[in-house]
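Worksheet: one structure, shown below.
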Amino acid sequence: MSFTLPALPRERQLRLGLALLLGVLLFALAGPVLAPHAQDALVGQPYAPPSGAAWLGYDYLGRDVVSRLLHGGWTVLWMSLASALAALLVGAAIGILAGFAGRRTDQAIVWGTDVLLAFPDLILVLLVVSMLGREPGLIVLTVAIAFVPGVVRLARGVTMGVAKLEFVEAARLLGYPAPRILFREILPNIATPLLVHFGIMLTWAISMLAGLSLLGYGVAPPAADRGLMINENRAGLVLHPWAALAPVVLIGLFALGANLVAEGVSRLNARIGTQTRGNGHAG
């Protein structure tokens, strides 16, 4: 069951989630322009407290925490979005193929996803990054690969359900080519669960990327990455907690916004489906 975009703003949870995501996006885009200092500029004493010149004080090297936060918003944003989107596109394509194709293709794809699912996501990412390096593109690719099996399973399951419905069978009997059936009959009817899963993956990606930086396997210093900021300043929590807590708050708001959007879309779709079934019975 699909929904229309004009219905989205009427859902309060969606409005809140979209507002948070929009705020994070604007913060990331405008941050480097608004930052009073460069991301690696040493402008104060290590762990100096907040003042008029530095609203959140200075980090362990004497860099302005506000400037680091403003410069570091784009990294986690683009990496989490890119990894979740890549996993969605690749996993959905493979899953739809598995659910629509013949038995042998389906079995081969299921076997491949089972092999990848045997590796915990974080362990797989840590293994690849520790061996091949900490380049942002490689991290995004590895996180996306870790998410693909879950998308494949979801897309395969919903495709198999839709492929048994009457309108798909009618399209097959009429001789429509497989690409037309996939893109015009099946894909629009499985878009909602895939979009909901995309929001969930976005939350996972944010947490995983922040966790990698916290463990020292994320973006390399002196980049202003928020997970890296937590790792760099955690030793000074007693002296100056804001250097580590401020990036935690911003990462949490980003993850909360993505989670609210995913859950809001799911609830909205369930409500529309219930109303549609009720109208159908009434008719």
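The values are calculated or read from the model by the stated rules, or taken from the named source; none is laboratory data. What you see is a predicted model, and the numbers here were worked out from it, not measured in a lab. Here the Cβ positions follow ideal geometry from the backbone for every residue, glycine too, while neighbour counts run over all protein chains shown. In case anyone asks, the SASA skips ligands and DNA or RNA and just uses the protein heavy atoms, side chains included. Shrake-Rupley method; radii C 1.70, N 1.55, O 1.52, S 1.80 Å.
Summary of values
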{"read-out": "Lone unmet requirement of (1) surrounded by 15 or more Cβ atoms within 10 Å (Cβ to Cβ); (2) at pLDDT below 90; (3) not aromatic (Phe, Trp, Tyr) for residue 256", "value": "(2)"}
{"read-out": "In segment 208-226, residue nearest to residue 140 (Cα to Cα) [restricted to those that are in a loop (DSSP other than H, G, I, E, B) and free of Cβ contacts under 8 Å to residues at least 40 places away in the same chain]", "value": "216"}
{"read-out": "Selection from segment 83-118 of residues that are within 18 Å of residue 182 (Cα to Cα) and open to solvent by 70 Å² or more (accessible area, probe 1.4 Å)", "value": "89, 90, 97, 103"}
{"read-out": "Matching residues in segment 122-171 - criterion: being among the β-branched types (Val, Ile, Thr) and open to solvent by 10 Å² or more (accessible area, probe 1.4 Å)", "value": "123, 128, 140, 145, 148, 158, 162"}
